[in-house]
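Structure, as structure tokens:
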Amino acid sequence: MNIKVLKEFHLNEEVHQVRTCEVNLGPNGTGMLFAYSKYPNIDPCESSFRLNRYPMELAMFGEAGQMLWHKELEMEIIAGIWTMPFVAIDMDQDGIDEIYYVGNRHKDAPTDSRAMTLECLYGLSGEYKGHCHFEAENLEWERLGWAFRFMLCGGYADKEPVLVAAQGIYGEIYLQAYDSDLNIRWRRRIGREEGSGGSHQTLVFDFNHDGNDEVLYGEHMVSLKDGKDVICYDRDRYFGHSDIVLPIMHPETKKMYLYTCRESGDYEGCPRVVTFDMETGNVVWEDIYSDEWGHYIDDGHMHIGWVAAVRNMPQSGKPGKLAYAKRMRNKKQLVEHYTYDVFTGEKVDYPFPYPFDQVMPIDINGDGYHEFIKSSQAIAGSSGLEIVDDKGEKVAYVGGHLMDVGKYFDYPGEQFMCFYPYEGVVRLWGDADAQESAIFRERYANGFLKSTMKTRGSGYNWHVECAI
Ligand SMILES: [Ca+2]
Ligand SMILES: [Ca+2]
Ligand SMILES: [Ca+2]
């Protein structure tokens, strides 16, 4: 492996939060949009909520790493992942993506739900194209840390683009779908009695191959056509919130599975790690049951999970898919790590020198099996990054703060982006010697993984690299 900086993007100021998404600029190639601030990410949780002292900014970069446009947003927009999601999608179908983000037009009143807007910019120039009300009325009755969880995503129904805005993860969920003129196509409320809450990701794809896209909102697979559930996993057995909901494809049978790690305990005996047959909704296997009821840290919050393609599964010595789940107990003082064969639920003792919550899978050399990005701490607060191989051997030191893992431009293999706060620079790192194997190409063949690159500005969509 030959780990190198493939591109640099200069934001020209100190930055303490940066998110990105890929933007189709038509004849002008692929753009990268960055949303960033000198102020660190604000999580709306009551114990961490605060108001930013610096605004969010947007900047579009072209393929050569040149800044195409820059825009400073209003101070009323609370600077964070959950309060200002964004997405790129070509709603008017002119071949160039528009940028949609959640704004606020009431000066100095960042929590006024009546003034919240869904703003639209032209991808190529950043020019204003339109806006409508962002329906965040749940702010008026739901607790702050639950209500201020917004997401944006999009896809196609009846071959027409559909933009979906969402509010809520832990409590009630509200979804609105828009057409290209920002007229409502449908609305949906998911009450607490209707199966699971949301997850931290909004993955969109035609999961059931009927020609219309669905969004996985928690364990609900919601049709973009009419807002109804195509299927809701564990509809009558789970009413909590899942930190991880990952679609996984079996490499031989091509059958789809859904791997979930559940934050909320819900009730005594509630299963916390479950893999479903994605099509039928049947439970393939499950593990870890709540000892008592608990929403969050007291009862084994399942907090981090991923799936990695590994060359040698310990029991069989054959290639397989390793699923990881991290459980936190006793007010986060006790951490438990679990690893499984994702298709059978068999517990796997995979030899590795670091706790698995310090690493995140990436197939950086494109051979079809994952290497790992390793942080000096649990990955959520990642910094001081290294690349390690599947045995945990160090390959390269890259430093920086991890912001996105995916497949960018035409580079072979997978790459990742880091930002360097005091330099004000984003670096795209990859393997200059990467070559894509048949296994790798197959993971990307159905277009799902690549399509997630446009929704990286919403929730924790930035690390779906290990799905499928
Ligand atoms: Ca367009
Ligand atoms: Ca479908
Ligand atoms: Ca690899």
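Throughout, read-outs are computed from the coordinates displayed, never taken from laboratory work. As the structure is a prediction and not an experimental result, all values here were calculated from the model. Methodologically, a virtual Cβ is constructed for each residue, glycine included, from the backbone with ideal geometry; neighbour enumeration extends over all protein chains shown.
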Amide H neighbours of ILE231 under 5 Å, counting only residues 5+ apart in sequence or on other chains, H built in-plane at 1.01 Å? MET221
Which residues among segment 1-38 fall inside the zone where the amide N is under 14 Å from a point 7 Å beyond the Cα of MET67, along Cα→Cβ? 9-15, 33-38
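Rounded to the nearest 20 debye, what is the charge dipole size of segment 408-451 about its Cα centre when +1 sits on each Lys and Arg Cβ and -1 on each Asp and Glu Cβ? List each step's numbers first, then the result.
Working: 4 positive and 7 negative charges, 36 e Å.
So the dipole magnitude of segment 408-451 works out to roughly 180 debye.
Just add up the charged neighbours of LYS394: K/R +1, D/E -1, any other residue whose Cβ is under 13 Å from the Cβ of LYS394.
Values: positive: LYS374, LYS391; negative: GLU371, GLU386, ASP389, ASP390, GLU393.
In short, -3.
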Where Lys and Arg each count +1 and Asp and Glu each count -1, what net charge lies around LYS454 among other residues with Cβ under 13 Å from its Cβ? -2
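Taking square-rooted eigenvalues a ≥ b ≥ c of the alpha carbon gyration tensor, is segment 305-392 rounded, prolate or oblate, where a/c under 1.5 means rounded and, failing that, a/b exceeding b/c means prolate?
Working: a/c = 2.26, a/b = 1.18, b/c = 1.92.
The shape class here is oblate.
Quick check: from the Cα gyration tensor, does segment 113-225 come out rounded (a/c under 1.5), prolate or oblate?
Working: a/c = 2.00, a/b = 1.08, b/c = 1.85.
In terms of gyration-tensor shape, oblate.
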Calculate the dipole size of segment 95-163 relative to its Cα centre from +1 charges on Lys and Arg beta carbons and -1 charges on Asp and Glu beta carbons; express the result in debye to the nearest 20. 140 debye
Note to self: C-alpha centroids of segment 1-41 and segment 138-152 sit apart, in Å, by 28 Å
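For the residues ASP179, ASP94, what sequence is obtained by ranking on other C-beta atoms within 10 Å, fewest first?
ASP94, ASP179
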Out of residues 5 or more away from TYR408 or on other chains, whose amide H comes under 5 Å of its own, with H placed 1.01 Å from N in the peptide plane? GLN415
Would you give the gap between the C-alpha center of segment 181-235 and the C-alpha center of segment 328-352, rounded to a whole Å? 29 Å
Under a cut-off of 28 Å between alpha-carbon atoms, report the lysines in cross-link reach of LYS129, not counting same-chain residues fewer than 8 places apart. LYS38, LYS71, LYS107, LYS159, LYS225, LYS450, LYS454
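Could you please report the charge total around MET116, scoring K, R as +1 and D, E as -1 over all other residues with beta-carbon less than 11 angstrom from its beta-carbon? Each step should come with its number before you reach the end.
Values: positive: ARG105, ARG114; negative: GLU76, ASP112, GLU119, GLU135, GLU137.
Here the charged neighbours net out to -3.
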Return the sequence-ordered ³J(HN,Hα) values of segment 25-39 in whole Hz as given by the Karplus equation 6.51 cos²θ - 1.76 cosθ + 1.60 applied to θ = phi - 60°, using x for Gly and Pro. 9, x, x, 8, x, 9, x, 10, 8, 10, 10, 8, 7, 6, 9
Size of the chain as Cα extents on the principal axes (Å, biggest first): 58, 51, 44
Taking a 28 Å limit on the Cα-Cα distance, which of the listed pairs LYS7/LYS326; LYS347/LYS407; LYS374/LYS407 fall beyond it? LYS7/LYS326; LYS347/LYS407
Give me a comma-separated list of calculated 3J(HN,Hα) values for segment 113-128, in order, Karplus coefficients 6.51, -1.76, 1.60 applied at θ = phi - 60°, integers in Hz, x for any Gly or Pro. 5, 5, 9, 6, 10, 9, 9, 10, 10, 6, x, 6, 10, x, 5, 5
What list of ³J(HN,Hα) couplings, whole Hz, do you get for segment 361-367 from phi and the Karplus terms 6.51, -1.76, 1.60, once you set θ to phi - 60° and write x for glycine and proline? x, 8, 9, 6, 9, x, 7
Sequence-distant or interchain residues sharing an amide H contact under 5 Å with ILE96, placed H: which? none
